[in-house]
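J.: My questions will all concern the structure given below.
Here, each number is a calculation from the coordinates, and none is a lab measurement. The structure displayed is predicted, hence computed values, not measured ones. When we count neighbours, we look across all protein chains shown, and the Cβ atoms used for this are built from the backbone with ideal geometry, even at glycine.
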Amino acid sequence: MKEITILGSTGSIGVNTLDVISRHRDKFNVKALTANTNLDVFLDQCIQHKPEYAVMADEDCASKLEEKLKKEAPDVSILAGTDGLLQVAELETVDYVMAAIVGAAGLLPTLAAAKAGKRVLLANKEALVMSGKLFMDTVLQNNAELIPIDSEHNAIFQCISTANTSSISNIILTASGGPFLDTPINELSSKTPEQACKHPKWDMGRKISVDSATMMNKGLEVIEASWLFNIKSETIKVVIHPQSIIHSLVEYKDGSVLAQLGNPDMRIPIAYGLAWPERIETCAQRLDLFDIAHLDFKEAEADRFPCLQLAREAIKQGGTSCVILNAANEVAVNEFLNKRIKFTDIPTIIESVMSDITQNTANTLEVILRDDGLARNRALEIIGNMTL
Ligand code: NAD
Ligand code: MG
């Protein structure tokens, strides 16, 4: 029986994780759940899964939860804030931690899980983008197991298995192209948050949905892949594959290309991460090759997806450039979702922040958090000076 903490249980990845776990109660037990402010969904999850700990990052919500759970599930211990998140990420009795908080908010608890030597199921790509080397060193030094849950990285992980990375010539990340793949470029500036969040293939949280529409998601994934697989970013290619059936490919020196296929359903990589090196059942729809019939691939146009180039630029600059890129993106996406800037302002703001904030060597958490803060403030300043 493996004991599990789910960081971000009310989100899209969190809900899918609970779905997989619910079908395998003989193998997995929910030790702790965490959420930010979604009290209603979290309350239901606590009543259904009876975790030992329930953490709400928002202190007011935690008090309300405590009140409501008194009758329904009095044995659940309620914790609050970052301290609560850290506590359940490093609990001695926990084996696996699903890192599914969105954005930089997930960095500290995800790092804590690695430091405590857990199996870290990594969905929170922003944590790795921000802390790259520090995170990978922490995993290594503490004998943690790191299993990528992001579908592309999970696919690569499956295709690499025992291979030596020196035998790899390229990694090919597939991208759906998002909802605006065929939109005339001059119409992009009028796209609304609702349109941006309507992903054609995946049902995801709002932030990653916007990232998919700008393709910053793929940019973050190039950074993520370079750390996870210790591979130079120049050998990581991006291919648009609108059907989202091939989740990524690995090309080897000898000309062999291995790919992982499946219907777009996050329960597949989640189940793989939970059961690895075994495999367990999921309720994901089986792949019907006759139904698919053919697969399409195309190149990502640079003028449609400038965020992809910005991410590659950040990798080239090194140091805290990826921290700055990520922070500026989080602020810009949030402002877009709140209808304060246009869709096409997102890359412009990120580019300005990257040129205004000087990058530093990203070897300590203090430097990473400081540059994250500086970039966020600069992004807000730039937005404040913009006229809509
Ligand atoms: P989501 O918005 O649906 O859920 C986010 C979760 O994080 C929620 O439980 C929320 O309560 C929690 N959270 C948000 N802000 C917080 C804060 N400040 N403190 C503590 N908790 C906070 O997001 P999602 O789509 O589930 O994505 C989660 C992560 O997984 C992201 O990093 C995303 O890039 C990655 N990911 C998601 C998918 C997907 O299919 N959804 C696929 C690949 C990778
Ligand atoms: Mg992905």
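J.: If you place +1 on the Cβ of every Lys and Arg and -1 on the Cβ of every Asp and Glu, how big does the dipole about the Cα centre of the range 281-323 come out, in debye to the nearest 20?
T.: Dipole of the range 281-323, to the nearest 20 debye: 280 debye.
J.: Among Gln87, Gly319, Gly219, pick out the residue whose Cα is farthest towards the positive end of the charge dipole of the chain, where Lys and Arg carry +1 and Asp and Glu carry -1 on C-beta, about the Cα centre.
T.: Value computed over the given set: Gly219.
J.: Relative contact order for the range 249-313: what is it in percent, counting Cα pairs under 8 Å that are at least 6 residues apart?
T.: 20 percent
J.: On to the next question. Could you tell me how far the Cα centroid of the range 181-228 sits from the Cα centroid of the range 322-378, in Å?
T.: One Cα centre to the other: 17 Å.
J.: Which one of Ala73, Thr34, Met204 has its Cα pushed farthest toward the positive end of the charge dipole of the chain, where Lys and Arg give +1 and Asp and Glu give -1 at the Cβ?
T.: Of the candidates, Met204 comes out farthest on the positive side.
J.: Build a GNM of the chain with springs between Cα atoms under 10 Å: which of Ser161, Ser352, Ser321 gets the top mean-square fluctuation?
T.: Ranking Ser161, Ser352, Ser321 by mean-square fluctuation puts Ser161 first.
J.: Relative contact order of the chain: what whole-number percent is it, with Cα pairs under 8 angstrom and at least 6 residues apart? It would help to have the intermediate numbers written out before the result.
T.: On the way: 711 pairs, mean separation 55.3, N = 388.
Reported relative contact order: 14 percent.
J.: Charges only on Cβ, +1 for Lys and Arg, -1 for Asp and Glu: so what's the dipole of the range 250-388 about the Cα centre, in debye to the nearest 20?
T.: My answer is approximately 260 debye.
J.: What order, most packed first, do the peptides 228-236, 68-76 have when packing is the mean number of other Cβ atoms within 10 Å of each residue? Let's see the in-between values first.
T.: Values: 228-236: 16.0, 68-76: 13.1.
Those peptides, ordered most packed to least, come out 228-236, 68-76.
J.: For Arg376, Arg25, what's the fewest-to-most ordering of other Cβ within 10 Å of each Cβ?
T.: In increasing order of surrounding Cβ atoms, one gets Arg25, Arg376.
J.: Let me ask something else about it. Pulled fully out, how much extra length does the chain show between Thr348 and Gln141, if you take 0.36 nm times their separation in residues and subtract their Cα-Cα distance?
T.: Roughly 70.6 nm would be gained on extension.
J.: To the nearest 500 deg cm²/dmol, what mean residue ellipticity at 222 nm is calculated for the chain from DSSP H runs of n ≥ 4 alone, each contributing -39,500 (n - 2.57), summed and divided by the residues?
T.: Working: 16 runs with 182 residues, N = 388.
The per-residue figure over the chain is -14500 deg cm²/dmol.
J.: Hey, another quick one. Karplus couplings for the range 374-383 from phi (6.51 cos²θ - 1.76 cosθ + 1.60, θ = phi - 60°), rounded to Hz, Gly and Pro as x?
T.: 4, 5, 5, 4, 5, 4, 5, 4, 4, 5
J.: Another question about this same structure. Would you give the gap between the C-alpha center of the range 236-287 and the C-alpha center of the range 16-35, rounded to a whole Å?
T.: 22 Å
J.: Could you give the dipole magnitude of the range 73-187 about its Cα centre, charging the beta-carbon of Lys and Arg +1 and that of Asp and Glu -1, in debye to the nearest 20? List each step's numbers first, then the result.
T.: Numbers: 5 positive and 12 negative charges, 59 e Å.
Once rounded to the nearest 20, the dipole reads 280 debye.
J.: Would you mind computing, in nm to one decimal, how far apart the modelled labels at Ser256 and Thr165 are, each placed 7 Å from Cα along Cα→Cβ?
T.: Each label point is offset 7 Å from its Cα along the Cβ direction, giving 2.0 nm.
J.: Using +1 at the C-beta of Lys and Arg and -1 at the C-beta of Asp and Glu, which of Val55, Gly384, Leu7 has the Cα lying farthest in the positive direction of the dipole of the chain?
T.: Farthest towards the positive pole: Leu7.
J.: Averaging sequence separations of C-alpha pairs under 8 Å and six or more residues apart, then dividing by the length of the range 204-347, give the relative contact order as a whole percent.
T.: Dividing the mean separation by the residue count of the range 204-347 yields 27 percent.
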